[in-house]
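Below is one structure, written out as structure tokens, with a few remarks after it.
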Amino acid sequence: MTPSVPRQGDSPEEPRRPAEGRRHRNRRRALTLLIIVLLIGVPAGYLVISANQSRNSGKDKEAKYSATGLTAGWPSKVQRRLYQVPIPHPADRIAYYETNNWKTSRLYVQFRTSNAGLDTFLAGVGVNRDDLKEGEITIGARDQKITGWRFTGPGPWSGLVHKQKNPAPTQDIVVNTADPANPMVYVVSRTVP
């Protein structure tokens with residue numbers, strides 16, 4: 001048998017702690033519960049919100065990259081810079097479509113602008129109005145089929161091909177000035193990756 005060691009008594013110098021009251025105990029338990037909820041609930045809530053945002057982002061990207069024709073809206077700044085398509089202000093009826101493969105990447109863009117906007121756009125590309133050849137449709141049948149563009153309506157139509165040395169893109173530009181104050185611009189900018 002093990003000898004029992006006598007219990008050491010409380011030191012007379014230390015004041016005795018009062019017994020925990022019911023109110024204090026309930027407050028301490030509530031505080032403990034709150035801390036547990038915050039330590040578990042906040043990260044769990046964050047994970048749920050983050051997962052939903054991630055799933056929604058994937059759906060947005062899926063819709064964007066599964067598009068099979070022009071999408072209304074502005075191409076991203078990165079696309080405009082990469083393909084060198086400086087859409088001017090003011091511009092409306094803006095739509096774009098991008099295709100990529102191992103051989104060539106293309107950005108198709110259309111927009112309506114003012115005469116000053118057309119001059120700004122052409123200057124941004126590196127050409128001017130004198131380079132446009134009246135009656136020329138420089139966007140080929142393949143690209144017209146992809147976008148659904150038909151250059152058969154009222155004109156006059158004019159176009160140009162702005163060739164640049166790789167890796168800079170080459171742009172095929174067609175302008176419709178049926179409304180002289182608001183020309184409609186169609187661009188196919190292609191680059192070799």
TODO: Could you pull out the residue among Pro75, Pro86 that is in a loop (DSSP other than H, G, I, E, B), at pLDDT 90 or above and out of contact with any strand residue (DSSP E or B) (no Cβ under 9 Å at 6 or more places or on another chain)?
DONE: Pro86
Task: Gly117 being exposed (fewer than 13 other Cβ atoms within 10 Å of the Cβ), within 22 Å of Arg93 (Cβ to Cβ) and in contact with a strand residue (DSSP E or B) (Cβ under 9 Å, 6 or more places away or on another chain) - done: no
- [ ] Please enumerate the residues belonging to the stretch 184-193 that are outside any loop (DSSP other than H, G, I, E, B) and open to solvent by 20 Å² or more (accessible area, probe 1.4 Å).
- [x] Met184, Tyr186, Arg190
Open item on the list: What's the number of the only condition in (1) at pLDDT 75 or above; (2) in a loop (DSSP other than H, G, I, E, B); (3) among the polar types (S, T, N, Q) that Asn26 fails to meet?
Closed with: (2)
Task: Cβ pairs under 9 Å, 6+ apart, first in the stretch 91-111 and at positive phi, second in a strand (DSSP E or B) and open to solvent by less than 30 Å² (accessible area, probe 1.4 Å) - done: Arg93/Phe111; Arg93/Met184
Task: Tabulated pairs, the stretch 135-162, first closer than 21 Å to Gly69 by Cβ, second acidic (Asp, Glu) and surrounded by 13 or more Cβ atoms within 10 Å (Cβ to Cβ), C-beta under 8 angstrom, 6+ apart or interchain - done: Thr138/Asp172; Ile139/Asp172; Gly140/Asp172; Asp143/Asp172; Trp149/Asp143
Open item on the list: If a residue must be closer than 16 Å to Val85 by Cβ and in contact with a Lys or Arg (Cβ under 6 Å, 6 or more places away or on another chain), how many such residues does the stretch 170-187 contain?
Closed with: 2
Open item on the list: If the requirement is being touching a Phe, Trp or Tyr at 6+ places or on another chain (Cβ under 6 Å) and farther than 19 Å from Lys77 by Cβ, which of these qualifies: Ile146, Ile173, Ile137?
Closed with: Ile137
Open item on the list: Out of everything in the stretch 78-113 that is open to solvent by 40 Å² or more (accessible area, probe 1.4 Å) and of a type in the set (A, V, I, L, M), what residue ends up being farthest from the chain's Cα centre (by Cα)?
Closed with: Leu82
Open item on the list: Here is a list: Ala168, Ala123, Ala181. Which entry is out of contact with any strand residue (DSSP E or B) (no Cβ under 7 Å at 6 or more places or on another chain), assigned to a helix (DSSP H, G or I) and small (Gly, Ala, Ser)?
Closed with: Ala123
Task: Odd one out for Leu132 among (1) within 26 Å of Thr177 (Cα to Cα); (2) open to solvent by 70 Å² or more (accessible area, probe 1.4 Å); (3) at pLDDT 90 or above - done: (2)
Open item on the list: Go through (1) open to solvent by 50 Å² or more (accessible area, probe 1.4 Å); (2) at pLDDT 90 or above; (3) of a type in the set (S, T, N, Q) for Asn166 and report which single condition fails.
Closed with: (2)
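The values are calculated or read from the model by the stated rules, or taken from the named source; none is laboratory data. Predicted, not measured: the structure shown is a model, and the values here were computed from it. Virtual Cβ from ideal backbone geometry, glycine too; neighbours counted across all protein chains shown. SASA here: full protein model, heavy atoms, side chains in, ligands and nucleic acids out. Shrake-Rupley method; radii C 1.70, N 1.55, O 1.52, S 1.80 Å.
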